[in-house]
Amino acid sequence: LGKNIMGNWVADLTLILNYVQRQFPHSQLRIEAEKETGIAALFGTALGWNVKEIVLKNCPVSYQFDERQTIDFFSMAIHVPDFLNWGDISLASALTGKKVIFQNPVSMSGTLLNQYQLKKYQLEFKKMRESCKQNGITIFK
């Protein structure tokens, strides 16, 4: 209680990533993570992880809630207090400057996105990347 689990996960994953990079200094790393750990990987990459790309499976494309019926799709670790006051997943993705692939992107309630929603988020992520003047690309599969 009273701790930000997502922050702890980013710190833990940073230690692991630093160890791997010391052991294999000439390799290019690709991170694949699912659900809550995918968001931790996205945040770590936005904070400067030296990776080629990240693949996020079954991760939310926004912290905004859409419905309450399947609200337990993610654990409580997904929540970051006041995150929406700072930005959203699109801003974190833009700040990575890397290739970010969302496989089976979902809403915050875990619902798969329809084609209309996918197009809306693709546009948002592209605009955010352009406004941040960052390299890379965000792909939805």
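The values are calculated or read from the model by the stated rules, or taken from the named source; none is laboratory data. Please read these numbers as outputs of a predicted model, since none were measured by experiment. Counting neighbours? That spans all protein chains shown, and the Cβs are built from the backbone with ideal geometry, glycine included. In case anyone asks, the SASA skips ligands and DNA or RNA and just uses the protein heavy atoms, side chains included. Shrake-Rupley method; radii C 1.70, N 1.55, O 1.52, S 1.80 Å.
Close contacts from segment 91-113, counting a first residue that is part of a helix (DSSP H, G or I) and a second that is of a type in the set (S, T, N, Q) and open to solvent by 50 Å² or more (accessible area, probe 1.4 Å), with Cβ to Cβ under 8 Å and a gap of 6+ residues or different chains, come to Ala94/Ser131; Ala94/Gln134; Leu95/Gln134; Thr96/Gln134. Inside segment 120-141, can you point out the residues that are of a type in the set (Phe, Trp, Tyr), in contact with a helix residue (DSSP H, G or I) (Cβ under 7 Å, 6 or more places away or on another chain) and open to solvent by 20 Å² or more (accessible area, probe 1.4 Å)? Answer for segment 120-141, where residues must be of a type in the set (Phe, Trp, Tyr), in contact with a helix residue (DSSP H, G or I) (Cβ under 7 Å, 6 or more places away or on another chain) and open to solvent by 20 Å² or more (accessible area, probe 1.4 Å): just Phe140. Does segment 105-119 contain any residue that is modelled with pLDDT under 95, open to solvent by 70 Å² or more (accessible area, probe 1.4 Å) and under 27 Å from Val20 (Cα atoms)? Taking every residue of segment 105-119 in turn, none turns out to be modelled with pLDDT under 95, open to solvent by 70 Å² or more (accessible area, probe 1.4 Å) and under 27 Å from Val20 (Cα atoms).
Residues checked against (1) farther than 17 Å from Ile137 by Cα; (2) touching a Pro at 6+ places or on another chain (Cβ under 9 Å):
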site: Arg22; (1), (2): yes, no
site: Ala40; (1), (2): yes, no
site: Glu53; (1), (2): no, no
site: Leu56; (1), (2): no, yes
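Would you check which residues across segment 112-130 are more than 12 Å from Ser62 (Cα to Cα) and of a type in the set (Lys, Arg) and list them? Lys119, Lys126, Lys127, Arg129, listed by residue number. For segment 27-34, the criterion of being open to solvent by 50 Å² or more (accessible area, probe 1.4 Å) and under 13 Å from the mean Cα position of the chain (by Cα) is met by at least one residue. Only residues that are touching a Gly at 6+ places or on another chain (Cβ under 9 Å), of a type in the set (D, E, K, R) and surrounded by 14 or more Cβ atoms within 10 Å (Cβ to Cβ) were counted across segment 44-96, and they come to 2.
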